[in-house]
Each structure stands twice: as C-alpha cells, then as structure tokens.
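The values are calculated or read from the model by the stated rules, or taken from the named source; none is laboratory data. This one's a predicted model, so the numbers in the text were calculated from it and none came from an experiment. Heads up, the Cβs are rebuilt from the backbone with ideal geometry, glycines too, and the neighbour counts pull from every protein chain shown. The accessibility values were calculated without ligands, DNA or RNA, using every heavy atom of the protein model including side chains. Shrake-Rupley method; radii C 1.70, N 1.55, O 1.52, S 1.80 Å.
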Amino acid sequence: MSYNDGRVGHLTEDRVIPVPGAPTMRQVIEDWDQARPGRGEGSGLAVSDVRLRVPIPDPSKIIAAPVNYRDHQAEMSTDSQVGALGFFLKAPSSLLDPGATVQLPYHDRRFDQEGELALVIGRTARHVSEQDALDYVFGYTGLLDITMRGGEDRSTRKSFDTFTPMGPVLVTADEFGDPEAVELHCWVNGELRQKANTRDLIWGVAQLTAYASSVTTLHPGDVITTGTPAGVGPLQAGDTVRLTLSGLGTDLAVQVAADHAVASPTSGHHSGPVPPPAPPQAPAARG
Ligand code: MN
C-alpha cells in the first residue's frame, strides 16, 4: 500500500510496516524480482494513523475495458462489447486517493459509478500470450471508473480529475488468489448496486492483458481495469460509493461532491449508449 507522502508499506493486520529506503511503488514493482523488499523492521504505524494514498500514483497509462460483462452490455442496450471495441485510455491524472472526494464537473450531465477489478503490471510486456499473461501481473486492486454518460469520447467522459479512485491496497498476485473468480460488490449510500463475479467477464484478466500487450508495450506500474458489471447508476453530491473485492481484504470508499459544477461545454448529452434508468431514491437521503 501507499500512504502519507506516497511511501510504500506492507499492510499486516492493522499495522503498516514501511518498506526500507522509502522507495516509490513504481520502484518497488520494478525491483521486485531482483530485490524483493524485506518486511521492514519494527512495529510500524497503525493503519488508522496514516493517510491512504492511491497505490500507484504515476502509471504510464490506465488501460480500460469497455463493455466487458454481458449483463452490462444488456443494460446499456448496445451491440458492442470489448471484442469489438478493444480498450480505451483513462488519464493517469484522474487517479484519486481512497477516502477522497470525486468532484462532478457539470450540473447538467449524468455521472455513474462503475466498480471494477484492476491489475497492475509487474514486468515489461509486449506480445505476451494469454497463457503467459498473468506472469506479468504484479498485483490487484479496486478501481472505480467514474463515467459521464453521453456521446463524447470515452477518454473524455472518464478522464476528469478525481474520476479514477483506486485502492486502498495493492495485493500481490501470489496472495490475491484466482483473478478470474473474484466477487465484486459496489454500494452507493449503502444500497447494493452491483454484484458480480469476474468469471463472467467477456474477456478475462489473462485475455485482456494479452490483448493489451499486442497493441502497446505494458510497463511496470501500468494499470488495466477490467470493466464493470450491470448496476451502473447516477451519482449526486453527498453520495458515498463503496467497492469490495474478494481477495482485497479492505474496501475502497469515496465521497461525491459537485463543488464547482458548471454547465457542460460539450453537447453529447442526448447521444451515446443509453444507460439504465436511475433507481428510485429515498427522499430523505438528499439534503
Ligand atoms: Mn468501466
């Protein structure tokens, strides 16, 4: 995990044990095979006393699967899915720390939560096979692909600052378990919106990673997020979003605000794939 000013520690129970030498997460990942860091010394810090940071703050790219679950394809009423679309990119500057606040930029557009399993690349990968792909994965973490609905390009709709909460921890592949059998739950204000298992991915983790490496060189620290299942829905200021993944141990939670929202300068409001209708809201939930 990354904490405070971005230093790296091992999370053990409720303590954070600093990695000696204060490397960045990217350095830890790049050196893992040669110089796997020791478990550190001393009793460390209570996790409740540190500020959680996004596990890898500076990936060279965030590769994201569009429609990669059949039930999400159905709810979006679209003929297209990952096998036809390939991947899209999210700006790394959209990353957000666990526990921080998503800022919605416009007051006249719909923004949805998308809970996803993400992986972080451990070794440079180019044209790797599906059979070998998981050997290039350093670890796994949670990711919220916050999305503006509409007809603008995906890379715009999903790249606003704060639109990629990630974490709270990065679990190494050897400890995570089978990435193709991960239970995913995503709540908004305590209401369960998304429940899925990564076995239902159209392109699984290995296939998606192999495909990505056939397009572009994957560098240590790069992030690939696997796509979201059915249950996307609109977010409003005051909401809390929470994502759990089996194998991760801790939840990714963020708040939502719209502190400086303005009118959208682009006109994709009434084009693009049509999302499912908003779920009924509890009237008392809005201030
Ligand atoms: Mn997504």
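Quick notes
- Taken over the range 3-23, the criterion of being of a type in the set (A, V, I, L, M), open to solvent by 20 Å² or more (accessible area, probe 1.4 Å) and more than 24 Å from the chain's Cα centre (by Cα) is satisfied by A22 alone.
- Scan the range 158-179 for residues that are on the phi < 0 side of the Ramachandran plot and touching a helix residue (DSSP H, G or I) at 6+ places or on another chain (Cβ under 8 Å) and the total you get is 9.
- Counted residues, the range 100-144 - those being open to solvent by 30 Å² or more (accessible area, probe 1.4 Å) and part of a strand (DSSP E or B): 3
- Across the range 166-175, not a single residue is classified as within 12 Å of the ligand (Cβ to nearest atom) and under 17 Å from V254 (Cβ atoms).
- Among the residues listed as P279, P234, P273, the single one being out of contact with any helix residue (DSSP H, G or I) (no Cβ under 8 Å at 6 or more places or on another chain) and either away from the ligand (no atom under 16 Å from the Cβ) or among the aliphatic types (A, V, I, L, M) (or both): P279
- Any hit, the range 184-203, residues being of a type outside the set (D, E, K, R), over 27 Å from V47 (Cβ atoms), open to solvent by 20 Å² or more (accessible area, probe 1.4 Å) and outside the structural domain of D31 (by TED's automatic domain parsing): yes
- Taken over the range 212-231, the residue count meeting the criterion of being away from the ligand (no atom under 16 Å from the Cβ) and open to solvent by 10 Å² or more (accessible area, probe 1.4 Å) is 6.
Conditions (1) closer than 16 Å to P276 by Cβ; (2) under 15 Å from the mean Cα position of the chain (by Cα); (3) surrounded by 24 or more Cβ atoms within 10 Å (Cβ to Cβ), marked per residue:
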position: I63; (1), (2), (3): no, yes, yes
position: R70; (1), (2), (3): yes, no, no
position: E75; (1), (2), (3): yes, no, no
position: F87; (1), (2), (3): no, yes, no
position: L95; (1), (2), (3): no, yes, yes
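- When L248, L235 are checked against the criterion of being assigned by TED's automatic domain parsing to the domain that holds A64, surrounded by 15 or more Cβ atoms within 10 Å (Cβ to Cβ) and at pLDDT 95 or above, L235 stands alone in meeting it.
- Matching option when the condition is of a type outside the set (D, E, K, R), within 16 Å of the ligand (Cβ to nearest atom), touching a residue at least 60 places away in the same chain (Cβ under 8 Å) and on the phi > 0 side of the Ramachandran plot, among G99, G86: G86
- Filtering the range 102-139 to residues that are within 22 Å of I56 (Cβ to Cβ), within 16 Å of the ligand (Cβ to nearest atom) and in contact with a helix residue (DSSP H, G or I) (Cβ under 9 Å, 6 or more places away or on another chain) leaves E114, L117, L119.
- Selection of first residues in the range 50-79 that are assigned by TED's automatic domain parsing to the domain that holds V205 and of second residues that are within 16 Å of the ligand (Cβ to nearest atom) and among the aromatic types (F, W, Y), restricted to Cβ pairs under 7 Å at least 6 apart or on distinct chains, gives the following pairs, ordered by first then second residue: I63/F87; A64/F87; A64/F88; A65/F87; A65/W203; P66/F88; N68/W203.
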